[in-house]
Amino acid sequence: MAENTPKIVVEHHGPYRVLGGVPLSRKVPVTSEYGEPLTWQKTRIYNLHGNYALCRCGKSSNKPFCDDAHESGGFDVTETADTTNFADRAKNYPGTGIVVKDDRALCAHGGFCGSRATNVWRMTRNTEDTAVRAQVIAMVERCPSGALTYSITEDGPEIEPDLSQGIAVTPDGPLWVTGVVPIERSDGQPLEGRNRVALCRCGASKSKPLCDGAHTEIGFKAE
């Protein structure tokens, strides 16, 4: 694949090498008065041209960009993300006029799937109410990792939000890749192409290069 074609390459003991000028922005969750994430807001667009490198060890002093801090050692580079397909792993939760598909292997604990009172899984049981069904769809579509998606029928195609190709830096959290940007593991093998992917940037995920929510557990601070 040519270097002017959008692509993310996971370097074995280094950063995410972003090729083809994939747009980079910063997005933050908009939360309720109770701290519940509701939607996303873009707060910054990085003015970049050409290729660039993003930190994945969590140690850079110039986050989100790589400054070669990984060369100091102590960074576990093992890539252990499941390489099977979403369709083979996902569990279906049928409702009325909707089937929620859930792949726990991709969950980055973004929190958009629940509130202080309920969550997507409970709400799916009550989707005969179109207002509840619409809320389930909205919550599923804001999941940054793509662990949640949905179809209208059990054997119907997945329905995904219309997202352009890009990478969003999230506060003290993962890199949110959208729009089916190809991602290549350090062994040269491609990850499954997905519309929404959360890449680890704290260095602590047990599912590298994917985020597994470890940034919260370790208290990762990117700023």
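Every number here is computed from the coordinates shown, using simple stated rules; none is lab data. Nothing here was measured: the structure is a model prediction, and the numbers come from that model. Cβ sites come from the backbone with ideal geometry, for glycine too, and all protein chains shown count toward neighbours.
3J(HN,Hα) couplings calculated from phi for the stretch 61-75 with the Karplus curve 6.51 cos²θ - 1.76 cosθ + 1.60 (θ = phi - 60°) are, in sequence order, 8, 10, 4, x, 8, 6, 10, 6, 5, 4, 5, 6, x, x, 10 Hz; Gly and Pro show x.
Near Ile45, within a Cβ-to-Cβ distance under 11 Å, what is the net charge of the other residues, with Lys and Arg +1 and Asp and Glu -1?
After counting each charged neighbour, the total is +4.
When trypsin sites (Lys or Arg not before Pro) are flagged only if DSSP places them in a loop and at most 12 other Cβ atoms lie within 10 Å, the longest unflagged stretch of the chain comes out as 1-115. Here Tyr93, Tyr46 are placed in order of increasing Cβ neighbour count within 10 Å, fewest first, which gives Tyr46, Tyr93. A helix-only calculation puts the chain at -3000 deg cm²/dmol for mean residue ellipticity at 222 nm, using -39500 (n - 2.57) for each DSSP H run of at least four residues, averaged over all residues. Indicate the gyration tensor shape class of the stretch 86-151 (rounded, prolate or oblate), computed on the Cα atoms with a ≥ b ≥ c the square roots of the eigenvalues: a/c under 1.5 is rounded; otherwise a/b larger than b/c is prolate and the rest oblate. Taking the square roots of the gyration eigenvalues as a ≥ b ≥ c, the stretch 86-151 is oblate. Going from the residue with the fewest nearby Cβ atoms within 10 Å to the one with the most, Cys143, Cys200 rank Cys143, Cys200.
Note on the stretch 71-223: Kirkwood radius taken over Cα pairs, Stokes-Einstein applied at 20 °C and 1.002 mPa s, translational D equal to 132 µm² s⁻¹.
Distance between the modelled labels on Asn62 and Glu154, one decimal in nanometres: 5.5 nm (7 Å Cα→Cβ projection).
Where a ≥ b ≥ c are the square roots of the eigenvalues of the C-alpha gyration tensor, would you call the stretch 19-136 rounded, which needs a/c under 1.5, or, failing that, prolate if a/b is larger than b/c, or oblate? Note, shape of the stretch 19-136 comes out prolate.
Compute the Cα gyration tensor for the stretch 1-73, then decide on rounded, prolate or oblate, letting a ≥ b ≥ c be the square roots of its eigenvalues: rounded whenever a/c is under 1.5, prolate when a/b is larger than b/c in the other cases, and oblate in all that remain. Oblate is the answer for the stretch 1-73, as a/c is 1.5 or above yet b/c matches or exceeds a/b.
What does the net charge come to around Ala87 if you take all other residues with beta carbon closer than 10 Å to its beta carbon, with K and R at +1 and D and E at -1?
Values: positive: Arg89, Lys101; negative: Asp88, Asp103, Glu158, Glu192.
Once all neighbours under 10 Å are counted, the net charge is -2.
Residue-wise HN-Hα couplings along the stretch 32-40, as the Karplus relation 6.51 cos²θ - 1.76 cosθ + 1.60 with θ = phi - 60° gives them from phi, are 7, 5, 9, x, 7, x, 10, 7, 10 Hz; Gly and Pro carry x.
The stretch 123-190 and the stretch 50-103 have their alpha-carbon centroids 14 Å apart. Look at Glu223, Glu184 and count the other Cβ atoms within 10 Å of each Cβ; fewest to most, that gives Glu223, Glu184. Extension gain, Asp187-Asp82: 0.36 nm per intervening residue step, less the Cα-Cα distance, totals 36.4 nm.
Taking the chain as a Gaussian network, where each spring joins two C-alpha atoms under 10 Å apart, which residue of Ser72, Ser60, Ser25 fluctuates the most? Sorting by GNM fluctuation, first place goes to Ser72.
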